[in-house]
Amino acid sequence: MKINQRKQLIKYLSGDYIAANVIWILVNIYRYNYIASSLGFDNLTDYLLSEKVLAGQVIIPFFWLLLYYFSGYYNSPMRKSRLLELKKTLVSVEIGVLIVFFVIVINDLPRDYHVYYKLLSILFVGQFLFTYSIRALITQQLTKKIHSRQIGFNTLMIGAGERAQKLAQKLDSMPQSLGYLITGFIEIEKEPSVIKDKPVGRWDDIKNIIHEQDIEEIIVAPDSTDEKELFRLLNGLYHYNLPIKAIAEENSVLARSVKMATIYATPMIEITRDNMSEAEKNIKKALDCIIAAGALILLSPLFAFIAWKIRRNSPGNIFYLQERLGYRGKPFMMVKFRTMKTDAENGTPLLSCENDNRVTNIGRILRKYRLDELPQFWNILKGEMSLVGPRPERKFFADQIVCKAPYFYQTLSVKPGITSWGMVKYGYANTVDKMIERLQYDLIYLENRSLGIDIKILIYTIKTILTGKGM
């Protein structure tokens, strides 16, 4: 039976909301005993029904839900580590209690300052115990159903040879299930199928199979250990926007750049896993939207000035739309200020080079200071890009890169960015070989991705813009 992720998420949200409501009522009951007389309340009911308390009763629970969202707790409602759940709840409650205490509670005027210590203790202990107890109960019920195979994740195995069969048998024979429900296999060219008891499909039919079987995860397990063949398979799977795991040797390029998980003795590499923490991902997403919206508003006079200069300098559109490969290989139209003549390519994609006569006079200035990239704040608001991430490539050049560096598609596991580690350390690339050299910096970024690294890249980018070293 397939897991209903939406239903599970609602359970966690409801549990957290109830816990926050209950503890805030108890805190207000305690507060009444120490501050009600100074505020003129004669009984507990009047105090609890007062405008200030009722407003807090509405706002505080939503504050906790917002804090838990930024902690990343709701990102993966189905795959919960109990130890990580305990740690995340503890840290979130510590931060939330301090905010509530210093913003609201400390404004009370109790008869004795020792009341502050008691209120702080009640807030922390109560919020943690109520919240974690409900969460642990929900997670325990879910884990029990997964282990007993009552529910699971519909999983498609890419490969139908001996290696795929052995892995499927291990997963099916485990005393406690890990949640993988193998619904079928995809036969790979030059690897005949040995599967007898489950459906086997062809690679050409994979799109229909994923849709018809409502696939939630993909495991790539070819018999061949040829890394190029593995990357060829992976490259054809990214755009389905599903979690992908693969079997690879210990000396594989994948093993060095992607974290590994172990199923029995079989190393499983989580190809689409993002090394950035869930909390950082949510904060990064919020900052992207806030900064992009702010930039589009605050820089609108500069946008107007650049548009005027482009229009005066050469005939043609102010903006230039170009298709690029985005998250999980999904194409999107990236917007830039036009820096070249309108007939610069004539249908054949070409890379720009130094002293390129296709670049307009104003275009050289825009490129030097990276001002041509500013309209991409709009792509960020649309959710297609991020402030920091691997630079998106055109499919024409991506196909050439993959021939020499098949691991290129790992960069599609995160949203592309306006700026990147490759751009600040290497700069523009005017050949495919140079693009591959720059790719190494993007792979290093993926291995070490964090908010701290993003901030560092942004600082370097600002330095590049101010010094005019964009070309």
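The values are calculated or read from the model by the stated rules, or taken from the named source; none is laboratory data. Quick caveat, the model's predicted, so the values are computed rather than measured. In this analysis, Cβ positions are derived from the backbone assuming ideal geometry, glycine residues included, and neighbour counts consider all displayed protein chains.
The residue that is surrounded by the most Cβ atoms within 10 Å (Cβ to Cβ), among those in segment 283-301 that are more than 15 Å from Lys415 (Cβ to Cβ) and small (Gly, Ala, Ser), is Ala295.
When Ile418, Ile465 are checked against the criterion of being of a type outside the set (S, T, N, Q), in contact (Cβ under 8 Å) with a residue 60 or more places away in the chain and under 30 Å from Ile365 (Cβ atoms), a single residue qualifies: Ile465. The C-beta contact set for segment 41-52 (first residue within 16 Å of Leu26 (Cβ to Cβ) and at pLDDT below 85, second residue among the aromatic types (Phe, Trp, Tyr) and not in a helix (DSSP H, G or I), distance under 8 angstrom, 6+ apart or interchain) comprises Tyr47/Phe41.
Among the residues of segment 134-184, just one is in contact with an Asp or Glu (Cβ under 9 Å, 6 or more places away or on another chain), surrounded by fewer than 18 Cβ atoms within 10 Å (Cβ to Cβ) and modelled with pLDDT of 95 or more, namely Ala136. Every condition in (1) at pLDDT below 95; (2) loosely packed, with under 14 Cβ neighbours inside 10 Å; (3) of a type in the set (Gly, Ala, Ser) holds for Ala304 except the one numbered (1).
Does Ser420 qualify as being more than 25 Å from Ile306 (Cβ to Cβ), within 25 Å of the chain's Cα centre (by Cα) and surrounded by 17 or more Cβ atoms within 10 Å (Cβ to Cβ)? Taking the combined requirement at face value, the residue does not satisfy it. Among the helices (runs of 4 or more DSSP H) confined to segment 1-108, the ones with at least 2 residues that are in contact with a Ser or Thr (Cβ under 7 Å, 6 or more places away or on another chain) are located at 5-39, 51-70, 82-103. Note on segment 333-371: residues that are surrounded by fewer than 19 Cβ atoms within 10 Å (Cβ to Cβ) and in contact (Cβ under 8 Å) with a residue 60 or more places away in the chain amount to 7.
Specify which of the listed residues (Asp433, Asp454) is within 21 Å of Lys404 (Cβ to Cβ), assigned to a helix (DSSP H, G or I) and not hydrophobic (A, V, I, L, M, F, W, C).
On inspection, the qualifying residue turns out to be Asp433.
Within segment 210-229, being more than 24 Å from the chain's Cα centre (by Cα) and either of a type in the set (Lys, Arg) or buried (at least 20 other Cβ atoms within 10 Å of the Cβ) (or both) holds for Ala221, Pro222, Lys228. Residues in segment 129-180 that are of a type in the set (Ser, Thr, Tyr) and at positive phi: none. Across segment 114-163, the number of residues qualifying as among the acidic types (Asp, Glu) and not in a helix (DSSP H, G or I) comes to 0.
If we scan segment 202-216, do we find a residue that is over 30 Å from Pro77 (Cα atoms), in the same structural domain as Ala160 (by TED's automatic domain parsing) and either in contact (Cβ under 8 Å) with a residue 24 or more places away in the chain or part of a strand (DSSP E or B) (or both)? Scanning segment 202-216, I find at least one residue that is over 30 Å from Pro77 (Cα atoms), in the same structural domain as Ala160 (by TED's automatic domain parsing) and either in contact (Cβ under 8 Å) with a residue 24 or more places away in the chain or part of a strand (DSSP E or B) (or both), so the answer is yes. From the list Glu323, Glu280, the lone residue that is on the phi < 0 side of the Ramachandran plot, touching a residue at least 40 places away in the same chain (Cβ under 8 Å) and surrounded by 17 or more Cβ atoms within 10 Å (Cβ to Cβ) is Glu280.
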